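Colleague: The structure is given below, and queries will be raised subsequently.
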Amino acid sequence: MVILVHGGAGRVPKAHESEVLAGVAAARDRGWEVLSDGGSALDAVVAAVVFLEDHPRFNAGTGSALNRQGFVEADAAVMDGATLGFGAVAAVRDVKNPVLLAREVMASEHILLAGEGASLFARERGIPAVDPAGLITDEALARWREARRRRVRSSGTVGAVALDRQGRLAAATSTGGIVDKRVGRIGDTPLVGAGTYAEAPLGAASVTGEGEFLARALVAYRAVVALREADPEDAARQALLQARHLGGEGGIILLAGDGRFAAVHTSPQMSHAWRTPEGEGSALA
Ligand code: GLY
């Protein structure tokens with residue numbers, strides 16, 4: 001069993017470092033608990049991502065980056081490597097845990113629902129609407145004001161990959177996207193093979209960073225298929241270099257079907273945490 005979690009690419013202010021590290025470690029522990037209780041890799045990655053969506057310090061769910069009009073439009077995806085099942089939502093405005101809605105989409109006849117349609121589907125599946133203002137944190141508002149003043153583009157994302165006792169692999173990713181993005185902008189996270197990918201027995205990947213570049217490089221798929229020839233570190237690096245050639249920085253957590261894994265980034269930092277039967281750790285490098 002393996003669980004590997006990330007809390008997004010980008011630079012974490014010094015004052016927030018310990019909270020971010022504790023956050024990814026706690027998300028990892030949620031996922032590990034599921035695996036230890038005999039749960040599936042899919043249940044484990046969803047549990048880890050729900051925790052990070054509810055944590056106000058991360059750019060997903062509550063605390064998501066704000067768009068140009070100052071509200072949240074969230075993207076999320078899940079993929080089950082055993083079945084190649086995939087579900088995603090994009091630009092959802094009134095859902096507390098977009099990853100849970102993505103999982104419902106996976107169980108439907110579709111793979112991706114966006115905007116109002118995603119919200120309607122959420123109500124059908126018993127996921128209540130939340131007040132969009134409740135997803136906005138003071139920190140996200142401050143980042144948004146700063147982005148508008150200095151025209152900086154920062155992004156962050158959360159994600160998890162896991163391998164369970166039965167050898168099943170899964171990946172999940174969730175994000176508010178890029179701060180001050182255009183209304184309706186959708187990044188790499190909910191696009192299959194771009195921000196999220198899992199395929200047994202090869203591997204599983206969750207990606208973070210500048211979606212416009214990561215998506216065109218199909219970073220998650222590229223990294224997973226590179227595992228045929230390369231170890232996880234090299235496979236992850238190759239995939240991120242393709243995005244860098246296009247002009248974008250980011251990070252990836254990549255887990256091979258045999259349990260080897262890597263967390264690699266070209267962005268200044270990426271918080272992540274992992275656990276295997278041999279041990280656990282967390283890092284913000
Ligand atoms: N990687 C997250 C985004 O660009 O939306």
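Colleague: Based on the mean of other beta carbon atoms within 10 Å per residue, what is the order of 197-205, 244-252, most packed first?
Modeller: Details: 197-205: 26.9, 244-252: 20.9.
Taking the mean over residues of other Cβ atoms within 10 Å, the ranking is 197-205, 244-252.
Colleague: Right, something else. Please report the antiparallel percentage of the DSSP beta bridges confined to the chain, to the nearest 5.
Modeller: Counting DSSP beta bridges with both partners in the chain, the antiparallel share is about 95 percent.
Colleague: State the volume of the convex hull built on the alpha-carbon positions of the chain, expressed per residue in Å³ and rounded to an integer. All intermediate terms of the calculation are to be shown ahead of the outcome.
Modeller: Numbers: hull volume 30.3 nm³, N = 285.
In the chain, the Cα convex hull volume per residue is 106 Å³.
Colleague: Any idea how far the Cα center of region 1-63 sits from the one of region 180-197, in Å?
Modeller: 19 Å
Colleague: Quick check on region 207-274: take the gyration tensor over C-alpha atoms, sort the square-rooted eigenvalues as a ≥ b ≥ c, and tell me if it's rounded (a/c under 1.5), prolate or oblate. Display every interim value, and only then the final one.
Modeller: Values: a/c = 2.16, a/b = 1.34, b/c = 1.62.
Oblate, because a/c is 1.5 or more while a/b does not exceed b/c.
Colleague: Please state the shape class of region 65-128: rounded when a/c is under 1.5, otherwise prolate if a/b exceeds b/c and oblate if not, all from the C-alpha gyration tensor.
Modeller: Numbers: a/c = 2.39, a/b = 1.63, b/c = 1.46.
The shape class here is prolate.
Colleague: Arranged by the count of other C-beta atoms within 10 angstrom, fewest first, what order do SER18, SER64 take?
Modeller: Numbers: SER18 11, SER64 27.
So the residues, fewest neighbours to most, are SER18, SER64.
Colleague: Span-like helices, the chain: DSSP H, alpha-carbon axial extent 24 Å or more, mean Kyte-Doolittle -0.5 or greater, which ones?
Modeller: Working: long enough: 17-36 (28 Å, 0.06).
Membrane-span-like by this rule: 17-36.
Colleague: For region 1-121, just list the percent of Cα-Cα distances falling in each 10 Å bin from zero outward, please.
Modeller: Percent of Cα pairs in each bin: 14, 40, 35, 10, 0.
Colleague: What FRET efficiency, computed as 1/(1 + (r/R0)^6) with R0 = 35 Å and r the Cβ-Cβ distance, is obtained for HIS16 and GLU109, rounded to the nearest 0.05? Can you show the working numbers first?
Modeller: Details: r = 41 Å, r/R0 = 1.18.
With R0 = 35 Å, the Cβ-Cβ based efficiency is 0.25.
Colleague: For a quick protection proxy, order the peptides 19-27, 175-183 by their average other-Cβ count within 10 Å, most packed first. Walk me through the numbers on the way to the answer.
Modeller: Numbers: 19-27: 20.6, 175-183: 22.4.
Averaged packing, sorted descending, gives the order 175-183, 19-27.
Colleague: As a test, work out the antiparallel percent of DSSP beta bridges whose residues both lie in region 1-128, rounded to the nearest 5.
Modeller: Details: 6 of 9 bridges.
The antiparallel fraction comes to roughly 65 percent.
Bear in mind that the values in this text are calculations on the coordinates, not laboratory data. Just so it is clear, the model here is predicted, and its values are computed rather than measured. We place every Cβ from the backbone using ideal geometry, glycine too, and count neighbours over all the protein chains shown.
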